[in-house]
Amino acid sequence: MASGEAKLRLYNTLTREKADFVPLDPGNVRMYVCGPTVYDYAHIGNARPVIVFDVLFRLLRHLYGASHVTYVRNITDVDDKINARAARDFPELPLNEAIRKVTEKTAAQFLADAKALGCLDPTVQPRATEHIAEMIAMTQTLIRKGNAYSAEGHVLFDVKSFRHGGELEYGKLAHRSLDDMLAGARVEVAPYKRDPMDFVLWKPSSPEEPGWESPWGRGRPGWHLECSAMSEKHLGEVFDIHGGGIDLAFPHHENELAQSRCAHGTPMMAQVWMHNGFLQVEGQKMSKSLGNFVTISELLNTDKFGGRKWPGEVLRLAMLMTHYREPIDFSVEKLEVATKVLDGWYRLVGDGKASETSDYGSRVLNELRDDLNTPEALTSLHVSADFARDPDDDNGPARFKFAANVLGLLEMTASQWFQGGRDDVVEIATLVTARLAALNAKDFATADRIRAELLEQGIQLMDSKNAAGERVTTWEVKR
Ligand code: AMP
Ligand code: ZN
């Protein structure tokens, strides 16, 4: 970061304070975000960390340079929920084959969803199944250091062994004592555990379950271990930012932190722990039984929510209207507001390119520097839009587009936006040209038939005249 510029301040769940962010190595700022467990379509709540940390990734790239930021978001493709889904959906297949079907399809869908939400690809997207050797090695290190023990084919992490200067370290991220944690957690009680809070690093697999050979027999890793191994491999023993939804703070992140610090003998795993607040739908917790459960794919491709499809950019803007640490109430009304805003902004920028930098963009960046304050960043965009609409504001639309791009907004052209990302634009253009020819030949019956045919496909035509007085027709997707 150039000296003299405003600092980046981030709220840290570990210290419960906002503080200046100082990267361990400004030449390589490193962030790890827990990704999806790929057994089912991602829901709109899962979209929140994907979008929030994409905004942070973009901000870090602006501050430190695009080639000086490494963003790792994993794909959890070993998990008992996956095994259960595979057995249910593909009972005729051997389990391992069924699992591959479920994880490949779900991971591909997740990547498509993230793209539709306007997110950049993370630098690395490691899969748990590709890091089993690292997980076994870390487990061996933990046993050797006295932080883990094997019992009945399982290997468990000994939470009481995680101490610093005699003081218990386990629970410092959750800000809870062992007793509080035990009261609040659904822990598996097992006779081979030394302490009920001890958690699994490795567990045995039956012959039909997925499993890998290990010093403790054929088995599979626990979920927490997967992230500790993948973050070490791709970011090192200690890195800058670790993120995820607030539900992951305990036990998942507490356990990752315990494993990594004990294995590496380091005073920290990540400098800053960041957690997004939860999303609910129309004022209620999202759940299948309440019938308000909605996937990203359903919002993009079906009429299930509010009776229409929603572009990914609308979902993104709606999400950014709330600060990432606040709970968010996702609603049709919010999506309608976001749609109107984007219509107005796309009308302003038209099909022109963004400028290379801009004063409007600097304002957005300044708001984001304050713990990713996206609501304030959007307020500044609204103010900038008013200025940029003034024809005397030199290059206003291009400078405005740059500013919106900082948030990953307005990345397409106005034509693409109003054409709703349709993949049949060539066919539509051909029909529009044919209709114009019919109109010029005074064949009004044909012209009307084409207009009606297009309307039937959700295409609205708009006729006007150009400066030379010739008839021109543009089109939009009917909303
Ligand atoms: P999971 O696949 O359940 O591990 O969730 C993937 C990510 O989505 C994690 O970072 C979760 O914290 C996050 N997440 C899950 N549900 C919600 C929700 N309703 N609101 C916000 N974030 C969520
Ligand atoms: Zn994780």
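The values are calculated or read from the model by the stated rules, or taken from the named source; none is laboratory data. Predicted model only: the values in this text are computed from it and were never measured. Cβ coordinates were reconstructed from backbone atoms using ideal geometry, including for glycine residues, and neighbour counts include every protein chain displayed. Just the protein is used for accessible areas: all its heavy atoms, side chains included, with ligands, DNA and RNA removed. Shrake-Rupley method; radii C 1.70, N 1.55, O 1.52, S 1.80 Å.
Overview of values
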| read-out | value |
| --- | --- |
| The chain, relative contact order [Cα under 8 Å, separation at least 6], % | 15 |
| Listed residues 383, 109, 38: farthest to the positive end of the dipole of the chain (Cβ charges) | 38 |
| Options 281, 402, 164, ranked by Cα towards positive dipole end of the chain, top entry (Cβ charges) | 281 |
| Accessible area per residue in Å² at 1.4 Å probe, computed on segment 203-300 | 35 |
| Descending semi-axes in Å of segment 235-279, equivalent ellipsoid built from Cα gyration tensor | 20, 11, 6 |
| Listed peptides 359-371, 80-92 by packing density, highest first (mean Cβ within 10 Å) | 359-371, 80-92 |
| With Cα atoms, 0 to 90° folded angle of helix 223-235 axis to the chain main axis | 70 |
| Crossing angle, helix 332-349 versus the chain [Cα axis fit, 0-90 degrees, rounded to tens] | 60 |
| On Cα atoms only, tilt of 95-116 relative to the major axis of the chain in degrees | 40 |
| Set of lysines near residue 18 by C-alpha distance (under 23 Å), chain-local residues within fewer than 8 positions excluded | 7, 172 |
| For segment 30-162, convex hull of alpha carbons as volume per residue, Å³ | 156 |
| Long-range amide H partners of residue 69 with built H, under 5 Å | 29 |
| Accessible area per residue, Å², segment 75-166 with all protein chains present, probe 1.4 Å | 47 |
| Cβ charges +1 (Lys, Arg) and -1 (Asp, Glu), total dipole of segment 360-438, debye | 220 |
| Percent accessible area from carbon and sulfur atoms, segment 7-107, protein chains only, probe 1.4 Å | 48 |
| Cleavage-rule hits, GluC sites (Glu not before Pro), segment 419-479, DSSP coil, Cβ neighbours within 10 Å at most 16 | 470 |
| Charged-residue dipole, Cβ positions (Lys, Arg, Asp, Glu), segment 174-287 about Cα centre, Debye nearest 20 | 140 |
| Alpha carbon Rg of segment 433-479, scaled by the compact-globule rule 2.2 N^0.38 Å | 1.16 |
| Cα Rg over Rh - segment 399-448, Kirkwood | 1.27 |
| About the Cα centre, charge dipole magnitude for the chain (Lys/Arg +1, Asp/Glu -1 at Cβ), debye | 200 |
| Accessible surface of segment 226-350 [probe 1.4 Å, protein heavy atoms]: carbon and sulfur percent | 52 |
| Dipole-positive endmost among 248, 238, 71 within the chain (Cβ charges, Cα centre) | 248 |
| Calculated over segment 31-85: convex hull of Cα atoms, volume per residue (Å³) | 71 |
| Protection proxy ranking, peptides 332-345, 124-137, average beta carbon neighbours within 10 Å, highest first | 124-137, 332-345 |
| Sorted largest first, extent of the chain alpha carbons per principal axis (Å) | 88, 63, 38 |
| Relative contact order for segment 6-88, counting Cα pairs under 8 Å that sit 6 or more residues apart, in percent | 35 |
| Karplus-derived HN-Hα couplings along segment 290-295 (A = 6.51, B = -1.76, C = 1.60, θ = phi - 60°), whole Hz, x at Gly and Pro | 7, x, 10, 7, 9, 8 |
| Residue-normalised accessible area of segment 370-479, expressed per residue, 1.4 Å probe, Å² | 54 |
| Mean separation of Cα contacts under 8 Å (6+ apart) over length of segment 79-228, as relative contact order % | 22 |
| Within straight-line cross-link reach of residue 233, aspartates and glutamates at Cα separation under 18 Å, skipping those fewer than 8 residues along the same chain | 25, 77, 130, 134, 256 |
| Low-density loop cleavage sites - chymotrypsin sites (Phe, Trp or Tyr not before Pro) in segment 395-475, where at most 13 other Cβ are within 10 Å (DSSP) | none |
